[in-house]
Number of protein chains: 2
Amino acid sequence: MSKSIFYHAGCSVCVSAEQDLLSLINPSEVEIVNFAEDTSRLPDAEKAGVQSVPALVTPNGNVLHINFGASLADVKG
Amino acid sequence: MSKSIFYHAGCSVCVSAEQDLLSLINPSEVEIVNFAEDTSRLPDAEKAGVQSVPALVTPNGNVLHINFGASLADVKG
């Protein structure tokens with residue numbers, strides 16, 4: 001596995017995390033999988049150890065589960 | 001704020017997440033703050049909305065809380 005895989009489910013929190021990560025990581029090095037559009041990838045994600053979304057599976061197989069915390073300003077806004 | 005800031009506390013889980021992230025993100029675009037070495041940065045992190053470590057604060061101020069999920073192979077190994 002040479003690419004990272006970013007799994008999400010299309011919710012606003014996921015999309016926000018996706019945009020943030022893609023601004024930091026070279027987009028050509030990340031595959032985006034949206035479970036809301038393609039449930040056929042769920043078994044792969046489970047096999048990789050993904051327990052929640054959004055999550056980033058790195059090229060070496062580690063799973064980073066990401067909890068996006070909105071800023072207070074965002075909540076108030 | 002033009003750089004991302006990665007906050008962690010020196011635990012093995014944090015360091016593993018750090019290495020993973022730094023392999024994906026250009027290291028020159030990320031500042032690493034280790035609370036185990038420098039507690040003076042705690043107020044900054046709290047102000048940014050960091051609630052747990054490891055966490056990545058992105059240039060636009062969003063906070064990504066990262067729960068590193070070890071693979072079963074790692075747990076067994």
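What follows is calculated from the coordinates using simple rules that are stated; it is not laboratory data. Note that this is a predicted model, so its numbers are computed, not measured. Quick reminder, even Gly has a Cβ in these numbers, built from the backbone with ideal geometry, and neighbours come from all protein chains shown.
Any residue in the stretch B:42-49 that is in contact with a Gly (Cβ under 8 Å, 6 or more places away or on another chain) and either over 23 Å from residue A:23 (Cα atoms) or surrounded by 15 or more Cβ atoms within 10 Å (Cβ to Cβ) (or both)?
Within the stretch B:42-49 (the criterion being in contact with a Gly (Cβ under 8 Å, 6 or more places away or on another chain) and either over 23 Å from residue A:23 (Cα atoms) or surrounded by 15 or more Cβ atoms within 10 Å (Cβ to Cβ) (or both)), the answer is yes, since at least one residue qualifies.
For the list (1) more than 10 Å from the chain's Cα centre (by Cα); (2) of a type outside the set (D, E, K, R); (3) surrounded by fewer than 18 Cβ atoms within 10 Å (Cβ to Cβ), I need the number of the one condition that residue B:32 fails.
(1)
Cβ-Cβ distance below 9 Å, separation of 6 or more or different chains: which pairs start in the stretch A:30-49 with a residue that is farther than 10 Å from residue A:8 by Cα and end on one that is of a type in the set (D, E, K, R)?
Close Cβ pairs (under 9 Å, with a partner that is of a type in the set (D, E, K, R)) amount to A:30/A:3; A:31/A:3.
Counting just the residues of the stretch B:1-29 that are in contact (Cβ under 8 Å) with a residue 24 or more places away in the chain and of a type in the set (A, V, I, L, M), which one comes out nearest to residue A:22 (Cα to Cα)?
B:21
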